[in-house]
Structure formats: C-alpha cells, structure tokens
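Peer 1: Just dropping this structure here.
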Amino acid sequence: MRATARALDAALRGEDCAADLDRARGLDLAHRAAHPTRHDAVLRAGLHLTHEAVADHQATRSTRP
C-alpha cells in the first residue's frame, strides 16, 4: 500500500510517477502470487483501481503540450 501511496502522491504533485507505479503494480502481483487464497478482494480491487487511475493520469499528463 505504501508503494501505491507514493505513486498517487507523486501524481497529485504533478511529478513523474511511472517508476513508483511500476513498483506498486509489481508488489501487488507478487502479493497475489504469494497469497492466492487470501480473502482481501476488496483491498486488491481498490489498489488495482488506484493503479489504473494513476496510470491514466500519467498518460494524460504526458500527452499534454
């Protein structure tokens, strides 16, 4: 969650958050692989949606003049 928070904070400050977002996504995937039977679907879904929103923000920011 801290990696996701760092990515979100960087995005909100208008900074490049690509590396932070990649790290957050990688940690999320590793957690899912290590704990496939955990019942934390709501938390995982929230993190996934946050990652998607930050990625969309980053993409929009990088295409502006």
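The values are calculated or read from the model by the stated rules, or taken from the named source; none is laboratory data. Just so we're clear, the structure is a prediction, and the values are computed from it rather than from any experiment. Note that we place each Cβ from the backbone using ideal geometry, even for glycine, and neighbour counts take in every protein chain shown. Each accessible area value is taken on the protein alone, full model and side chains, heavy atoms only, with ligands, DNA and RNA left out. Shrake-Rupley method; radii C 1.70, N 1.55, O 1.52, S 1.80 Å.
Peer 1: Grab the beta carbon distance between residue 48 and residue 9, set R0 = 22 Å, and tell me the FRET efficiency rounded to 0.05. Don't skip to the end; give the middle numbers.
Peer 2: Working: r = 18 Å, r/R0 = 0.82.
FRET efficiency, residue 48 to residue 9: 0.75.
Peer 1: A follow-up question, please. Starting at the first residue of segment 27-38, write each ³J(HN,Hα) from the Karplus equation 6.51 cos²θ - 1.76 cosθ + 1.60 with θ = phi - 60°, in whole Hz, x for Gly and Pro.
Peer 2: Rounded to whole hertz, the list is 5, 5, 5, 5, 5, 4, 5, 6, 10, x, 9, 5.
Peer 1: Helix 41-63 versus the longest principal axis of the chain: what is the Cα-based angle in degrees, 0 to 90, to the nearest 10?
Peer 2: Roughly 20 degrees between the two axes.
Peer 1: Quick one: what are the phi-derived ³J(HN,Hα) couplings along segment 19-25, Karplus 6.51/-1.76/1.60 with θ = phi - 60°, whole Hz, x for glycine and proline?
Peer 2: Result, rounded to whole Hz: 5, 5, 5, 4, 5, 4, 5.
Peer 1: If you don't mind, another one. Relative contact order of the chain: what whole-number percent is it, with Cα pairs under 8 angstrom and at least 6 residues apart? Mind dumping the intermediate values first?
Peer 2: Values: 40 pairs, mean separation 27.1, N = 65.
It rounds to 42 percent for the chain.
Peer 1: Starting at the first residue of segment 7-14, write each ³J(HN,Hα) from the Karplus equation 6.51 cos²θ - 1.76 cosθ + 1.60 with θ = phi - 60°, in whole Hz, x for Gly and Pro.
Peer 2: Computed from phi, the couplings for segment 7-14 are 5, 5, 4, 4, 4, 5, 7, x Hz.
Peer 1: Can you give me the accessible area per residue for the chain, using a 1.4 Å probe, in Å²?
Peer 2: Working: 4640 Å² over 65 residues.
Per-residue accessible area for the chain comes out at 71 Å².
Peer 1: Which peptide among 52-58, 10-16 comes first, and what is the full order, when sorted by highest mean count of other Cβ atoms within 10 Å? Kindly include the intermediate steps, with their values, before the conclusion.
Peer 2: Values: 52-58: 15.9, 10-16: 13.3.
Per-residue mean Cβ counts within 10 Å order the peptides as 52-58, 10-16.
Peer 1: Oh, and also: Separation between the residue 19 and residue 62 pseudo-spin-labels, each 7 Å from Cα along Cα→Cβ, expressed in nm?
Peer 2: My value for the distance between the label points is 1.5 nm.
Peer 1: Can you compute the radius of gyration and Dmax for the chain, using only the Cα atoms, both in Å?
Peer 2: 12.6, 45
Peer 1: Heavy atoms only, probe 1.4 Å: what % of the accessible area of the chain goes to carbon and sulfur, would you let me know?
Peer 2: Values: 2730 of 4640 Å².
C and S fraction of accessible area: 59 percent.
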